[in-house]
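Inspection log for the structure reproduced underneath, given as structure tokens.
The values are calculated or read from the model by the stated rules, or taken from the named source; none is laboratory data. Here the structure is a predicted model, which means the values were calculated and not measured. With ideal geometry, Cβ positions are generated from the backbone for all residues, glycine too; neighbour counts draw on all protein chains shown. Each accessible area value is taken on the protein alone, full model and side chains, heavy atoms only, with ligands, DNA and RNA left out. Shrake-Rupley method; radii C 1.70, N 1.55, O 1.52, S 1.80 Å.
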Amino acid sequence: VRIVPYNNNEVLALVRDISDRKQAELALKQSEAQSRAILAAIPDLMFRVGADGIYRGFVTARRNFGMLCETVDPTGRSMDEMLPADHARRQTYYLQQALQTGELQIYEQTLHLRDTSQQEEVRVVKSGDDEVLFMIRDITDRKQAEAALKQSELTTRTILETIPDLLIQMDREGNYSRMLAGSSVQVKQPTSDSSEPHVYNVLPPDMVVDRLYYANQAIETGKLQVYEQILTVEGNQCYEEVRIAPLNSQEVLVMIRDITERKHLEAERDRVEAVLQS
């Protein structure tokens, strides 16, 4: 409502409906509050840098990220002044790339601090005609986890390559997904051209029944199943010990060990004992 004097006894009143404007202002206020909350929750360091390499301000609160610590405000200062020479050159390069291409730039860097090293992921995106936004994320924990996983996988692969037993990953229906190990166990080649061989193509029907039974028992009970089987490969009779362990609700790990020599020794022992007994 706007009221202005009109004459000695009258005023002029102008009434304007501003409901839409007030709603827009409220929506904007709520949006800004939400944006502030999101930025406060983001653990990354975000700041604006001009095309001249001068820091223009922080988008998120200042955090201790190695070179840019909480007690230092680089606003108004250049990257060359604040950063080691190699890091300044690299950030300047990606700053220019972001401005020239308008595309997101991503790279990684390692900071060598006093007692440790910090690995960071840096993202640079154009945020104005002469300005970019830097987002720096501490990925030290992720890199350490990746290195540990890689070492674990290498160790597992070495163990599997050393194991003489046959290791097969199979689902409860009898479909083979992959062979994990097995350098000394004789394996009958699948009779099917299928890229995913089935136990029916590898084993005789009576052995298939046992394999599927114990596979489902392992899944249902969650316990290791152990049994023995006799397999004829190229005219030779092989004794095998089969161990089946559940992997998940649909798959098992089948470990097959050749125990032919052990069985022959046991048979010879039984024969000798029988002779001695006689």
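Summary table below
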quantity: Residue in region 85-93 that is surrounded by fewer than 17 Cβ atoms within 10 Å (Cβ to Cβ), more than 26 Å from ARG142 (Cα to Cα), over 28 Å from the mean Cα position of the chain (by Cα) and acidic (Asp, Glu) present; calculated: no
quantity: Any hit, region 134-141, residues being in a helix (DSSP H, G or I), on the phi < 0 side of the Ramachandran plot and modelled with pLDDT of 85 or more; calculated: yes
quantity: Residue in region 251-259 that is open to solvent by 50 Å² or more (accessible area, probe 1.4 Å) and free of Cβ contacts under 8 Å to residues at least 40 places away in the same chain present; calculated: no
quantity: Unmet requirement for ASP86, which otherwise passes all of (1) in a strand (DSSP E or B); (2) modelled with pLDDT under 90; (3) under 17 Å from VAL122 (Cβ atoms); (4) not basic (Lys, Arg); calculated: (1)
quantity: Selection from region 104-119 of residues that are surrounded by 11 or more Cβ atoms within 10 Å (Cβ to Cβ) and outside any strand (DSSP E or B); calculated: LEU104
quantity: Search result, residues across region 216-256 that are of a type in the set (Gly, Ala, Ser) and either more than 30 Å from the chain's Cα centre (by Cα) or more than 21 Å from SER177 (Cα to Cα) (or both); calculated: GLY235
quantity: Pairs with Cβ under 6 Å, 6+ apart, first in region 72-83 and within 17 Å of LEU45 (Cα to Cα), second of a type outside the set (Phe, Trp, Tyr) and part of a helix (DSSP H, G or I); calculated: PRO74/MET82; MET79/ALA88; MET79/GLN91
quantity: Residue that is more than 22 Å from the chain's Cα centre (by Cα), surrounded by fewer than 16 Cβ atoms within 10 Å (Cβ to Cβ) and touching a residue at least 24 places away in the same chain (Cβ under 8 Å), where the choices are VAL125, VAL132; calculated: VAL125
quantity: Residue within region 239-258 that is basic (Lys, Arg), closer than 20 Å to GLY174 by Cβ and assigned to a helix (DSSP H, G or I) present; calculated: no
quantity: Hits in region 1-31 (condition: touching a residue at least 12 places away in the same chain (Cβ under 8 Å) and in contact with a strand residue (DSSP E or B) (Cβ under 6 Å, 6 or more places away or on another chain)); calculated: ARG2, ALA13, LEU14
quantity: Evaluation of ALA147 against (1) surrounded by 11 or more Cβ atoms within 10 Å (Cβ to Cβ); (2) at pLDDT 75 or above (one fails), failing number; calculated: (1)
quantity: Tally, over region 150-174, of residues that are modelled with pLDDT under 75, open to solvent by 70 Å² or more (accessible area, probe 1.4 Å) and hydrophobic (A, V, I, L, M, F, W, C); calculated: 1
quantity: Of all residues in region 37-83 being at pLDDT below 85 and part of a helix (DSSP H, G or I), the one that is least open to solvent (accessible area, probe 1.4 Å); calculated: MET82
quantity: Among the residues listed as GLN100, GLN30, the single one being part of a helix (DSSP H, G or I), at pLDDT 90 or above and open to solvent by 70 Å² or more (accessible area, probe 1.4 Å); calculated: GLN100
quantity: Residue within region 120-127 that is out of contact with any Cys (no Cβ under 6 Å at 6 or more places or on another chain) and over 16 Å from GLN91 (Cβ atoms) present; calculated: no
